[in-house]
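One structure is given below, encoded as structure tokens.
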Amino acid sequence: MKWLSVAEISKITMIPAPTARRYASLFKDFLSSKKMGRVTKYPESAVEIFKRIVTLYNDGMVTTEIEEQLRSEYPRTIEISPSERAVPAQPAMNIQAELSGAFTEMMDKMSKSLEVIADQKSIIEEQREDIYKLKKAFVLLARSQKKIKALPQLDIRSLTEEYDERTNALEQKDIELEVATSELSQENSGLRNKLEVMEAELMRLRKDRRDMEKYFLDKIKRLNG
């Protein structure tokens, strides 16, 4: 069986490497894997699961919904590292051997912790990128607002007040999202639950933005008409 790293899966599926690492962390229960040195690798069959995850996200599902869908399509797996395999009990040879075993186990745990931290950094970077895109969208909305105000022979005072109110509400959500992301970078525990909340919030923000743009475009058309 051929085993692939996350980087190799990224090239095959055309999924960005940070996103592929994020999927590997979020949906590890459905991905068989094994440690090869310091690298975690996956069987070729995992490529299909990565592609399925992308499709479900594109269909508008959130993480929890995708987990339920994968649970109905694929069996859950358990990663077994070499240090977890059962070995026959043997009498202690000497203190040096015991210390050596303890040190090896400690290094293995440290390696896993570093992988978790790397995954967290990747997830945080993606969230920051989404925040940047939202800020850019707010700038475009602000410019649109100026153009609307400059339109001649249109009484849009009440329209712009409502626009400002909704824009301020979205900006407040953006601030709250930045605070949550900052806290996320300092915490290791509870990361997955916070990510789901942030992901749902981002989806609501995107929907609010689309609804707001449609609402004001309809009003402007009616006023021009």
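The values are calculated or read from the model by the stated rules, or taken from the named source; none is laboratory data. Just so we're clear, the structure is a prediction, and the values are computed from it rather than from any experiment. Quick reminder, even Gly has a Cβ in these numbers, built from the backbone with ideal geometry, and neighbours come from all protein chains shown. Areas reflect the complete protein model, heavy atoms only, side chains present, ligands, DNA and RNA absent. Shrake-Rupley method; radii C 1.70, N 1.55, O 1.52, S 1.80 Å.
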Expressed as a whole-number percentage, the relative contact order of segment 1-82 with C-alpha contacts under 8 angstrom and at least six residues apart is 36
Once phi for every residue in segment 27-37 is put through the Karplus expression 6.51 cos²θ - 1.76 cosθ + 1.60 (θ = phi - 60°), the whole-Hz ³J(HN,Hα) values, with Gly and Pro written as x, are 10, 5, 5, 10, 10, 5, 7, 8, 7, 10, x
Given a Förster distance of 22 Å, the FRET efficiency implied by the Cβ-Cβ spacing of Met110 and Ala200, rounded to the nearest 0.05, works out to 0.05
Each label sits 7 Å from Cα toward the beta-carbon; between Ser45 and Glu176 the label points are separated, in nm, by 4.3
Using a 1.4 Å probe on heavy atoms of the protein chains only, the accessible area for Ile175 in Å², nearest 10, reads 90
Note: probe point = Cα of Met1 + 7 Å toward Cβ; backbone nitrogen < 19 Å; residues of segment 14-46 passing the test are 24-25, 27-46
Once amide hydrogens are built 1.01 Å from N within the peptide plane, the residues lying 5 or more places from Lys34 or on another chain with amide H under 5 Å from its amide H are Lys41
Under the 7 Å Cα-to-Cβ spin-label approximation, Val54 and Ala118 lie apart by a distance in nanometres of 2.1
Of segment 14-36, those with amide N under 13 Å from the point 7 Å along the Cα→Cβ vector of Glu65 are none
Here the gain from full extension of Lys135 to Ala150, 0.36 nm per residue of separation minus their alpha-carbon distance, amounts to 3.1 nm
Once the in-chain neighbours fewer than 8 apart are removed, the lysines whose Cα is under 24 Å from Lys35 read Lys2, Lys11, Lys51, Lys109, Lys112, Lys121
